[in-house]
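The values are calculated or read from the model by the stated rules, or taken from the named source; none is laboratory data. Everything numeric here is computed off the predicted structure, so don't read it as measured data. Because the Cβ atoms are built from the backbone with ideal geometry, glycine has one as well, and the counts that use them run over all protein chains shown.
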Amino acid sequence: MKTDNSLPLEYGTEQNKLNILGFWIFLGAEVMLFATLFATYFTLEHRTGSGPAGAEIFEITPVLIETILLLTSSFTIGLGVHAMRLGRKNAMMTFFAVTLLLGLAFLGVEIYEFTHYVHVGAGLQVSAFTGILLTTLGTHGAHVTVGLFWGLFIIMQVKKRGLTPETANKSFIFSLYWHFLDVVWIFIFSFIYLKGMM
Amino acid sequence: MKRKLTLLSLVIGILAVLAGCEPVMVLDPKGPQAETISNVIWISIATMAIVVIAVFALLVYVIVKYRASKQDEDYEPPHIEGNPIVESIIVGIPIIIIIFLSIVTVRSTYEVEATPKGYEDQKPLVVYASSSDWKWHFSYPEENIETVNYLYIPTDRALEFRLYSYGPITSFWIPQLGGQKYAMSDMITTLHLAADVPGEYMGRNANFSGKGFAENIFHVEAMPADEFDKWVEEVRATAEPLTEDKFAELLEPGHLGQMTFSGTHLEFLPPPEGHNHGTKHSHEGEHDTDDAHGDVDTDHSAHK
Amino acid sequence: MSELFPRKQVMGFVFSLVLTAAALTVYFLDVSFAVGMTILLATAFIQAAVQLVGFMHAGESEDKVAIYANIYYGIAIALVTIFGTLLILVWDM
Amino acid sequence: MDYFDRFAIPHPSPAIYASMVAIGLTVIAILIGLTYFKKWSYLWREWLTTVDHKRIGIMYIIAALLMLFRGGVDALMMRAQTAVPDNKLLDAQHYNEVFTTHGVVMIIFMAMPFIYALMNFVVPLQIGARDVAFPRLNALSFWLFFMGAMLFNISFVIGGSPDAGWTSYFPLAGNDFSQSVGTNYYLMSIQIAGIGTLISGINFVTTIFKMRAPGMKLMKMPMFTWTALITNAIVVFAFPVLTVTLLLGTMDRLFGTHIFSMTNGGMDMLWANLFWVWGHPEVYILILPAFGIYSEIISTFSRRNLYGYTSMVASIVIISFFSFLVWTHHFYTMGQGPLTNSIFSITTMAIAIPTGIKIFNWLLTMRKGKIEFTVPMLYSVGFIPIFTIGGVTGVMLGMASADYQYHNTMFLVAHFHYTIIPGVVFAMLAGLTYWWPKMFGFMLNERIGKWAFWFIAIGFNVTFFPMFFTGLDGQARRMYTYSEASGYGPLNMLSFVGAVGLAIGFALIVYNVYYSTRHSSRNIGSDPWDARTLEWATQTPVQSYNFARTPHVDSIEAFWDYKKKGQPLFKGSIEKIHMPNNSGVPFIMSCIFFVWGFSFIFSMWIPAIITTIAIFACMAHRSFEKDDGYYIPVEEIEATEKDSEVLADENR
């Protein structure tokens, strides 16, 4: 493989450039995936049947904690990529590890939130509203879970193989994914929670 | 050779019309709404015929004139990128056609979604038409009678059908009186029709709803107002009352013949009035309709 | 590229926090639905843009045009889908 | 024993038992044959593990043709059942299953793989690339589609086929009204195939954006590549909607949510809405590649450049955007107000404008040309009048008020067959015949091909034209039978006769493949049609690396200008070529997906969990794997190319 040294490592080879563009297009598809969930959510938002409405079950504290955790993790992975571009392998791995820990904490709070919903009678099968609420949050949560494993694998590879065009490329693409999950969360935070509690 | 095909289509077309011997239902309207739609269809056929003829003529012209067998051995077709004038014509004419058809569509769509023209001043006859697997229940709230699988209507009077379903989505359709509309379980849809001519018409569920779908037909009879009133009187006097148990029995999946009852199921099993059945939130005014379950809310159409 | 301090990232992070705080006003203050939605739409889309440009480096490579075309197209279709669905099933039903 | 009851067919009939036996015997015959001829390792090495876009394309073709015949048999059964009034050939339940599987098979498992077959084979060659951007993912796409198709097809012998129509509207498809596992099959198999398609979409957009030959700017791409780009862009944005819709349907059926249910706030209309948000763009996903194929063929056999290239490109770009703006026209009668219906009527009719531009541009391409009526050209010329009828009836259906009368009737059935059959089937047959020599190194027999065309073209019109009339006469679609009094009998009989004609046409195509394989000349050179685009600049059969030297493009028809004006196409010397390694992972992973889907269909949670983990394990394996591919040395390329250049020169 030819390597172009004038560009950051993750853009170094032709295949790397393909991977990055391909991943951006995948993110375009993800935009539509979440848009469809949002469209469904907004349609069913007030169709609560005999179950509770959003305002009755949402709690600001865990939601705010989740938001701060995810925003910070988006920041730390940004720092990780910055460190990677400076060639600082250890700093980069540390930032990635911190990101994953923050993601893990986010997931923990989300699991707490879910058990809380079930507890107050807003389980998956209660109404159209609860069904789509938990499906939408669950889809985002599943993405975060996949991200945790993926990120872990990448840290392992960087540790073992060092910063090569290949591992740098994977790390950069993972950072795109993670930032994207943060963007999705911003919309969930604004238009599911805050709109529901307004 | 493409002419063969054109000719064939024409022949089939003529055959088809002859085979029918009478005009096809949709183009043989017996009420104002069906008439409006039938006119729209004829306008669209005429307009589209221009397009079809233009394309066919051009096609025949080019394949006859420019086939290789008619050309010199050494004829070298020219390289032409395109021509702005020609291209604006092939964009411009379709745009004009589409604008024309859009105007026709928008006007007629608003027309068929409102009380039929010429009937605006009278009070429409309200009929609740509900479907269950695989039959139709017609409730006449003001007359306080109910029928199964057949529908009697007065001519020269606006009809307002309130449609809903006890099962899958169905579509209420009487081709000679007007277009169809879905009947669904969680809301009521409204269809405005009227019959100008007394007679018997075919009505059916047009939307696939399972095993018994093909036979999900009902019989429609339009008659002058006095005959209709007489029929109502007769039903009230002679038909057995519709009880809750009886209605539950009727809802069982299967096919039934024509049946007649006095009283309607609306009293004990209110229809899903209001737009967001099963919700708690109250947006401007929808709440009162939600609460009006017990009674029949004849002003409901005002919400549309 | 060689600067040591991640200026862009820190600014983006601070900006995100500020926008989140701004969005929270709809919860803590008593605002009308219209004002609240306006605030939320503004803060959410600005934050998304910050992430996209600041963190995700959408505009740094030679495929800038393709990437932006892809994102704009996606957002346009997403909005059409969401608002079209709402028009059909809620607002005009 | 109760556990196994769920696998039984709920509505058995002798026909189903017979096909069970037939399927079993065929499978056994294939296994024995492979073992006897010692072809297992060949199959594994050369096909199951291949990442070569050309081989994947050919596998797509085989699968698509198989599905075409499966769907075709369904169609014949339907036309036979409705040929006479009150027919007892099929009962209602069986008929419902047949039209459901006909729709799903034809759209998802025939038309989609067919367009991907041709895109796979042709696009990288047309842009002068070595392969697609992600060859391994390309193999995964194919195998996911294939396993999805197989999963759907076994529904017919294990557990029962779906019976709620290909649109599968809830609540009819919900647990209340559809108790068999049929709809689970629908949800899971389309989900699996759909993920494959989405991956293909991403793959091809990246390929076309990044891997074009030097000098080939976007506005110098061949028209088929343009349509492939736009089609895949639509795929990328439309298929996630399907993914979510199917997911929500699965949640309702398997996990008891109330998204589309009749109680607890569920909304049945939402399914219809989401389904068509995907469904309408899907129509354009099918039709756009066909437009590209016709553009190539009409231009080739008129011996002229494509008229109005810029407006052709503009029109497909506009179509791609508008395809997302019209979905409501599939349910004008659902009760939304006249405002919504009016808006969507106008957007719907507006699509006719760019489509019309294309029709006129093709006509203007033929004008002043030197038209040769080869088989591909016959399909293309036949397409124009038939598709025009489909198009104008589409405009008629787009008018909301009139649609209240057309909706759910045979008129609609006639309309969409008048668009899809010339728009997809004709195009695929034309494309297949056109690119066949590039794929297999010999040409299909022209005479048999022409016979097949006339059977198909005439049979098609005889089948579907009468439906316009029965539709206007009140015959609803999806009715398994009708009474004699309705008067639909004679025209339905005519449809049946036409369907038999169509069947003969397709049988002739099969015979043609057999005949040409045995009798056609193998000495056809690399450019038998005297065509204009880059795929004809390689040698036949195409080597695994496609082009020994990367072509340099200076004009839209670079290969034509190379042939006619002597414009240089290949510059520089031969260098070693980097190639990707074959991999068995896509195949194995797709097999796991098959079991995964099957477990969900029958709510078998333990295998479902195990396979889910296994799928992620495959992905993890891929993440850790180091695979740098291999190089083909210069000497080897020179050795293969020596023969070809001699051959090519002889032909010129």
(request) Give just the number: which of (1) more than 12 Å from chain D (Cβ to nearest Cβ); (2) of a type outside the set (V, I, T); (3) assigned to a helix (DSSP H, G or I) does B:S38 not satisfy? (result) (1)
(request) Output the residues belonging to segment C:74-89 that are surrounded by fewer than 19 Cβ atoms within 10 Å (Cβ to Cβ) and either part of a loop (DSSP other than H, G, I, E, B) or within 7 Å of chain A (Cβ to nearest Cβ) (or both). (result) C:I75, C:L86
(message) Being within 33 Å of the chain's Cα centre (by Cα), β-branched (V, I, T), facing chain D (nearest Cβ under 10 Å) and surrounded by fewer than 19 Cβ atoms within 10 Å (Cβ to Cβ) is true for just one of B:I89, B:I99. Which residue is that?
(response) B:I99
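Here's the yes/no breakdown for (1) surrounded by fewer than 24 Cβ atoms within 10 Å (Cβ to Cβ); (2) touching a helix residue (DSSP H, G or I) at 6+ places or on another chain (Cβ under 9 Å); (3) over 30 Å from D:K563 (Cβ atoms); (4) within 11 Å of another protein chain (Cβ to nearest Cβ):
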site: D:G292; (1), (2), (3), (4): no, yes, no, no
site: D:S299; (1), (2), (3), (4): no, yes, no, yes
site: D:V326; (1), (2), (3), (4): no, yes, yes, yes
site: D:I346; (1), (2), (3), (4): yes, yes, yes, yes
site: D:A352; (1), (2), (3), (4): yes, yes, yes, yes
site: D:I357; (1), (2), (3), (4): yes, yes, no, yes
(message) Conditions first: (1) within 7 Å of chain B (Cβ to nearest Cβ); (2) touching a residue at least 60 places away in the same chain (Cβ under 8 Å); (3) closer than 21 Å to D:L502 by Cα; (4) aliphatic (A, V, I, L, M). D:V424 passes all but one, so which condition is the exception?
(response) (1)
(request) Could you check D:R45 against (1) modelled with pLDDT of 90 or more; (2) closer than 23 Å to D:S544 by Cβ and say which number it fails? (result) (1)
(request) May I ask you to say which residue of A:L7, A:L21 is within 14 Å of chain D (Cβ to nearest Cβ), of a type in the set (A, V, I, L, M) and more than 27 Å from C:L19 (Cβ to Cβ)? (result) A:L21
(message) Let me confirm something: among D:L118, D:L137, D:L198, which residue is in a helix (DSSP H, G or I) and either among the acidic types (D, E) or away from every other protein chain (no Cβ under 12 Å) (or both)?
(response) D:L118
(request) Output the number of residues of segment C:38-73 satisfying the condition of being assigned to a helix (DSSP H, G or I), facing chain A (nearest Cβ under 8 Å) and either of a type in the set (F, W, Y) or more than 13 Å from the chain's Cα centre (by Cα) (or both). (result) 5
(request) Would you check which residues across segment D:361-380 are facing another protein chain (nearest Cβ under 7 Å) and buried (at least 24 other Cβ atoms within 10 Å of the Cβ) and list them? (result) D:M366, D:G369, D:I371
(request) Answer with yes or no whether D:A193 is touching a residue at least 60 places away in the same chain (Cβ under 8 Å) and over 30 Å from D:H11 (Cα atoms). (result) no
(request) Of the conditions (1) at the interface with another protein chain (Cβ under 8 Å from one of its Cβ atoms); (2) not in a helix (DSSP H, G or I), D:A213 clears all except one; give me its number. (result) (1)
(request) For D:N341, work out the one condition from (1) more than 7 Å from chain B (Cβ to nearest Cβ); (2) part of a helix (DSSP H, G or I); (3) more than 28 Å from B:I89 (Cβ to Cβ) it doesn't fulfil. (result) (1)
(request) Please enumerate the residues belonging to segment D:154-193 that are more than 12 Å from chain B (Cβ to nearest Cβ), over 18 Å from D:D5 (Cβ atoms) and part of a loop (DSSP other than H, G, I, E, B). (result) D:P162
(message) Filter segment B:104-126 down to the residues that are crowded, with 23+ Cβ neighbours inside 10 Å and among the hydrophobic types (A, V, I, L, M, F, W, C) and list them by number.
(response) B:V112
(request) Kindly provide the set of residues from segment D:522-554 that are at pLDDT below 90, of a type in the set (S, T, Y) and either part of a helix (DSSP H, G or I) or farther than 19 Å from D:G572 by Cβ (or both), ordered by number. (result) D:S526, D:T540, D:S544
(request) Please work out if A:G131 is under 23 Å from A:E166 (Cβ atoms) and of a type outside the set (A, V, I, L, M). (result) no
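Say we look at segment B:54-86 and pick out the residues that are touching a residue at least 12 places away in the same chain (Cβ under 8 Å) and within 41 Å of the chain's Cα centre (by Cα); which of these is farthest from the other protein chains (Cβ to nearest Cβ)?
So the residue we want is B:V60.
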(message) Contact list please: Cβ distance under 7 Å, first residue in segment D:108-123 and free of Cβ contacts under 8 Å to residues at least 60 places away in the same chain, second residue of a type outside the set (A, V, I, L, M, F, W, C), pairs at least six apart or on different chains.
(response) D:M110/D:G71; D:P113/D:Y60
(request) For residues that are outside any helix (DSSP H, G or I) and among the hydrophobic types (A, V, I, L, M, F, W, C), tally how many sit in segment D:408-457. (result) 3
(message) Among the residues that make up segment A:41-61, is at least one of them crowded, with 20+ Cβ neighbours inside 10 Å, within 21 Å of the chain's Cα centre (by Cα) and among the β-branched types (V, I, T)?
(response) no
(request) Among the residues of segment C:27-54, count how many are in contact with a Ser or Thr (Cβ under 7 Å, 6 or more places away or on another chain), touching a residue at least 24 places away in the same chain (Cβ under 8 Å) and farther than 27 Å from D:A238 by Cα. (result) 1
(request) Go over the candidates B:G257, B:G294 one by one and state the one that is at pLDDT 50 or above and closer than 30 Å to B:E233 by Cα. (result) B:G257
(request) Please work out if D:R212 is crowded, with 24+ Cβ neighbours inside 10 Å, among the charged types (D, E, K, R), out of contact with any Asp or Glu (no Cβ under 9 Å at 6 or more places or on another chain) and at pLDDT below 95. (result) no
(request) Tally the residues that are closer than 18 Å to B:M259 by Cβ and in contact with a strand residue (DSSP E or B) (Cβ under 6 Å, 6 or more places away or on another chain), restricting the search to segment B:212-231. (result) 7
(request) Please name all residue pairs, on different chains or six or more residues apart, with Cβ atoms under 6 Å, provided the first residue is in segment D:406-419 and is on the phi < 0 side of the Ramachandran plot and the second residue is assigned to a helix (DSSP H, G or I) and of a type in the set (S, T, N, Q). (result) D:H407/D:T333; D:M410/D:T470; D:H415/D:T393
(request) Just need a number here: residues in segment D:391-407 that are outside any helix (DSSP H, G or I) and surrounded by fewer than 24 Cβ atoms within 10 Å (Cβ to Cβ). (result) 0
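Using the structure shown, decide if C:L24 is more than 7 Å from chain A (Cβ to nearest Cβ) and either without any contact (Cβ under 8 Å) to a residue 24 or more places away in the chain or part of a helix (DSSP H, G or I) (or both). Full working, then the answer.
Details: more than 7 Å from chain A (Cβ to nearest Cβ): yes; either without any contact (Cβ under 8 Å) to a residue 24 or more places away in the chain or part of a helix (DSSP H, G or I) (or both): yes.
Against the criterion (more than 7 Å from chain A (Cβ to nearest Cβ) and either without any contact (Cβ under 8 Å) to a residue 24 or more places away in the chain or part of a helix (DSSP H, G or I) (or both)), C:L24 qualifies.
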(message) Looking only at segment D:558-597, count every residue that is in a loop (DSSP other than H, G, I, E, B) and among the small types (G, A, S) and tell me the total.
(response) 5
